[in-house]
Structures are given as structure tokens and as C-alpha cells.
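Note sheet for the following structure.
The values are calculated or read from the model by the stated rules, or taken from the named source; none is laboratory data. Predicted model only: the values in this text are computed from it and were never measured. Because the Cβ atoms are built from the backbone with ideal geometry, glycine has one as well, and the counts that use them run over all protein chains shown.
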Amino acid sequence: MSISNIAGLFTAWLFILMGMGFGQLGTFIDIPSLQIVIIGSIAATVVAYPLESIKTLPALIKQAFSSSKVAPKESITTLVDFSDQARREGILALEDKAQKLDDEFLKKGIGLAVDGTEPEIIRDILKTEITFIEDRHKRGAQMFEFMATIAPAMGMIGTLVGLILMLGSMDDVSTIGPNMAVALITTLYGSLMANAFCTPVANILSEKSGQEIMVKNLMLEGIMALQTGDNPRIVKQRLAAFLNPVARAEIMEED
């Protein structure tokens, strides 16, 4: 699990609840309002996106709060080791080691290189795969961005419904205050769903996608360098350019 993401979301909700007053939380609970915002937002998303994309929502939420599997430094170390072995023993010596790799993208790329595929073809194949990975990730983040847009609108719809019902019972002045409070709760729910859940999840997914695409491009360059028989030191320097300055300095100091 991603501790920082969970801790950040928990802290946001904790301070929101503290602002409401833990002893008065019952005042902020209204089931019909929750239904309008949550079910309405999900229903609008179902209308806007194909069912295949909607089915991925639970997995996307899990992915957002799971630890990242992206490991650029480990990928560089692996590619430099492979490059060194390929220079000493020939690229065919990598066939068995490549089959043991966990990353399917890297396994495919090295497999193509071992098979003697032309460099331009390898680059085209892997670039196409990177493009589709990026598009798929973008659609996932966009669904949560869409819900972040829809939720406040659903909240406003619920508030308007509440106000209409309130105006219909103006004969009893004592009910105006409570009815107004219930009407406004729906707007609160919409704002909370958008700003304290959907938008953060969309941003997390976008950030993780960017990191993964960066590593895939790093792997692509490493595979190209490996196939052309570049010196392992040159391979390391080229791939380290993908990292931030701190991580770059750390990996260049390693033997």
C-alpha cells in the first residue's frame, strides 16, 4: 500500500470531520442526499464511458493506493548488467535470463533483440505499446476527473430538489431551517466527493502513469543500446539521464 497517499487522504478527511465537530456528525448525514451524489455521479459516468472502462474503476482505486511497482534504478541496473554480458558473450547469451524477467515489456524488448529483429522495428513495436499504455492510463484518470466535475453538479441538483421541497412547505415556519440544512448537505457531499476523493485519485493515477511511461522509455533506450553493443558505462550514463539529479548521482556512484 502507498502509505503517503493513504495518509494524505486520511488527514484531509480527519480535518474535515474535526471541522464538522465529531459530536455533531449526525447533522451532516442524509441518506437521500448521499444517493443523489454518489449514485448520480456513477450513473453519469456509466453514460459517458463504455462498460469495459467502468469495470476497471475498482482496480483503478486499488492501483491508486497501492505501492508503485515502478523501479527505474533497478531497471537501469538490469539493463547495464545485460549490456555487459552481451558485450562479453554475445546478445544470444541473454535469452535465458530474459525469460526470467518479471516485466513483460522488458522481456518482450530483449526477446526481440535476441531474435535479431531490426532496431527500427523493435523501436516501432515498443513505442506503439508505450502509446497504448499511456492512452489506457489516461482514460482511467479521466474517468475520475469526470466524476470530480459531475459530483458538484449532482450536489447542486440535490440542493435544488431540497429547496423546492422546502418552498412547498413554507406554511410551517419551524421547518424552514432544518429543511434548508438538508438541502445544502447535498452540495457539501458533491464538493467532498470531488475534492477529497475523485480529484486526488485522478492526480495519483496521472502521476503513476507518468512514472511508468518514463521507465518504459528508459527500457526502450536501454534495449536499443544493448542491441547496438554500446559500452556498459555509456549505457548507464544514457539511462541515468531519465532520473532526477539526486537519483542520477546515486546510481552513477554505484559500481
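Restricting to region 164-210, count the residues that are within 30 Å of Arg136 (Cβ to Cβ) and of a type in the set (D, E, K, R). Write out each step before concluding.
Kept after step one, since they are within 30 Å of Arg136 (Cβ to Cβ), are these residues of region 164-210: 190-210.
Filter once more, keeping what is of a type in the set (D, E, K, R): 207-208.
The qualifying residues number 2.
Name the pairs: first residue in region 65-76 and more than 13 Å from Phe242 (Cβ to Cβ), second residue of a type in the set (A, V, I, L, M), Cβ to Cβ under 7 Å, at least 6 apart or on different chains?
Partner pairs satisfying both residue conditions: Phe65/Met1; Phe65/Ile6; Ser66/Met1; Ser67/Met1.
I'm trying to understand the selection: among the residues of region 204-247, which are closer than 22 Å to Lys69 by Cβ, polar (S, T, N, Q) and crowded, with 16+ Cβ neighbours inside 10 Å?
The answer is Ser206, Ser209.
Could you figure out which of (1) farther than 28 Å from Pro58 by Cα; (2) surrounded by fewer than 20 Cβ atoms within 10 Å (Cβ to Cβ) isn't true of Ile133?
Among (1) farther than 28 Å from Pro58 by Cα; (2) surrounded by fewer than 20 Cβ atoms within 10 Å (Cβ to Cβ), Ile133 violates only (1).
With respect to Glu254, determine if the residue is acidic (Asp, Glu), modelled with pLDDT of 90 or more and closer than 30 Å to Leu106 by Cβ.
On the way: acidic (Asp, Glu): yes; modelled with pLDDT of 90 or more: no; closer than 30 Å to Leu106 by Cβ: yes.
No; evaluated as a whole, the condition is false for this residue.
Tell me yes or no: at least one residue of region 168-177 is in contact (Cβ under 8 Å) with a residue 12 or more places away in the chain, of a type in the set (Val, Ile, Thr) and surrounded by 13 or more Cβ atoms within 10 Å (Cβ to Cβ).
First, pick out the residues of region 168-177 that are in contact (Cβ under 8 Å) with a residue 12 or more places away in the chain: none.
No, every residue in region 168-177 fails to be in contact (Cβ under 8 Å) with a residue 12 or more places away in the chain, of a type in the set (Val, Ile, Thr) and surrounded by 13 or more Cβ atoms within 10 Å (Cβ to Cβ).
Take the residues of region 16-42 that are without any contact (Cβ under 8 Å) to a residue 40 or more places away in the chain and of a type in the set (S, T, N, Q): which is farthest from Ala153 (Cα to Cα)?
Per the stated criteria, the residue is Gln24.
Between Thr175, Thr186, which is farther than 26 Å from Thr45 by Cα, assigned to a helix (DSSP H, G or I) and hydroxyl-bearing (Ser, Thr, Tyr)?
Details: Thr186 fails: farther than 26 Å from Thr45 by Cα.
On inspection, the qualifying residue turns out to be Thr175.
For Thr45, indicate whether it is hydroxyl-bearing (Ser, Thr, Tyr) and buried (at least 16 other Cβ atoms within 10 Å of the Cβ).
Details: hydroxyl-bearing (Ser, Thr, Tyr): yes; buried (at least 16 other Cβ atoms within 10 Å of the Cβ): yes.
It is true that Thr45 is hydroxyl-bearing (Ser, Thr, Tyr) and buried (at least 16 other Cβ atoms within 10 Å of the Cβ).
How do the pairs read when you match residues in region 207-235 that are at positive phi with residues anywhere that are aliphatic (A, V, I, L, M), using Cβ under 7 Å and keeping only pairs 6 or more apart or on different chains?
Close Cβ pairs (under 7 Å, with a partner that is aliphatic (A, V, I, L, M)) amount to Gly229/Ala86.
List the helices (runs of 4 or more DSSP H) inside region 55-171, counting only whole elements, that have at least 2 residues being of a type outside the set (A, V, I, L, M) and within 17 Å of Ile213 (Cα to Cα). Talk me through it step by step, then tell me what you get.
Values: elements: 57-64, 72-89, 95-99, 104-114, 119-167.
Once the helices (runs of 4 or more DSSP H) in region 55-171 are filtered for at least 2 residues that are of a type outside the set (A, V, I, L, M) and within 17 Å of Ile213 (Cα to Cα), what remains is 72-89, 104-114, 119-167.
With the requirement that a residue be under 32 Å from the mean Cα position of the chain (by Cα) and surrounded by fewer than 18 Cβ atoms within 10 Å (Cβ to Cβ), what does region 71-97 give you?
Taking region 71-97 first, the residues under 32 Å from the mean Cα position of the chain (by Cα) are 71-83, 97.
Within region 71-97, Ala71, Lys73, Glu74, Thr77, Asp81, Lys97 qualify.
Pull up region 183-222, narrow it to residues that are in contact with a Phe, Trp or Tyr (Cβ under 9 Å, 6 or more places away or on another chain) and of a type in the set (Val, Ile, Thr), then point me to the one that is nearest to Met166 (Cα to Cα).
Per the stated criteria, the residue is Ile185.
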